[in-house]
Amino acid sequence: TAALDIPIIYVTATEVKLAGHGTKGATKQQMIDWVVKEYPDLPWLRYKRKGEMVLNSSNEHLADALGALHAGVQTDQFDIYKRH
């Protein structure tokens with residue numbers, strides 16, 4: 001972060017889950033389901049199972065990243081930064 005000249009907003013796993021699924025105890029699958037519903041046109045990782053395309057569990061990392069973005073923009077820090 002020392003090389004970046006941009007502010008960083010830290011959020012907790014609980015904040016990410018609340019911003020995404022709406023519950024602090026959201027499971028990985030619930031986070032994936034939320035983010036795919038929220039952003040259906042993104043190229044989600046899928047594989048074929050019994051002739052049907054299903055979501056890959058590796059989408060959890062993408063879901064966490066998008067959840068972190070949603071959580072970050074809800075912080076007071078973000079409000080301060082966007083005013084400048």
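The values are calculated or read from the model by the stated rules, or taken from the named source; none is laboratory data. Treat the numbers as computed from the prediction; the structure is a model and nothing was measured. Here Cβ is always computed from backbone atoms with ideal geometry, including for glycine, and neighbour counts include all displayed protein chains. Note: accessible area is taken over every heavy atom of the protein model, side chains too, but ligands, DNA and RNA are not part of it. Shrake-Rupley method; radii C 1.70, N 1.55, O 1.52, S 1.80 Å.
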Looking at (1) more than 12 Å from Ala71 (Cβ to Cβ); (2) at pLDDT 95 or above, find the lone condition where Val11 falls short. (1)
Which pairs turn up if I take residues in region 18-46 that are small (Gly, Ala, Ser) and look for partners that are open to solvent by 70 Å² or more (accessible area, probe 1.4 Å) with beta carbon separation below 7 Å, at least 6 apart in sequence or on another chain? Ala19/Gln74
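Confirm whether Val16 is aliphatic (A, V, I, L, M) and part of a helix (DSSP H, G or I). Please lay out each step first, then the result.
Working: aliphatic (A, V, I, L, M): yes; part of a helix (DSSP H, G or I): yes.
It is true that Val16 is aliphatic (A, V, I, L, M) and part of a helix (DSSP H, G or I).
For residues that are out of contact with any helix residue (DSSP H, G or I) (no Cβ under 6 Å at 6 or more places or on another chain), surrounded by 11 or more Cβ atoms within 10 Å (Cβ to Cβ) and not β-branched (Val, Ile, Thr), tally how many sit in region 1-20.
Of the residues in region 1-20, the ones out of contact with any helix residue (DSSP H, G or I) (no Cβ under 6 Å at 6 or more places or on another chain) are 1-6, 8, 10, 12-14, 17-18.
Adding the requirement that they be surrounded by 11 or more Cβ atoms within 10 Å (Cβ to Cβ) leaves 12-14, 17-18.
Okay, now just the ones that are also not β-branched (Val, Ile, Thr), so 13, 17-18.
Result for region 1-20: 3.
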Consider Ile9 against the criteria (1) assigned to a helix (DSSP H, G or I); (2) in contact (Cβ under 8 Å) with a residue 60 or more places away in the chain: it satisfies all of them except one. Which criterion is unmet? (1)
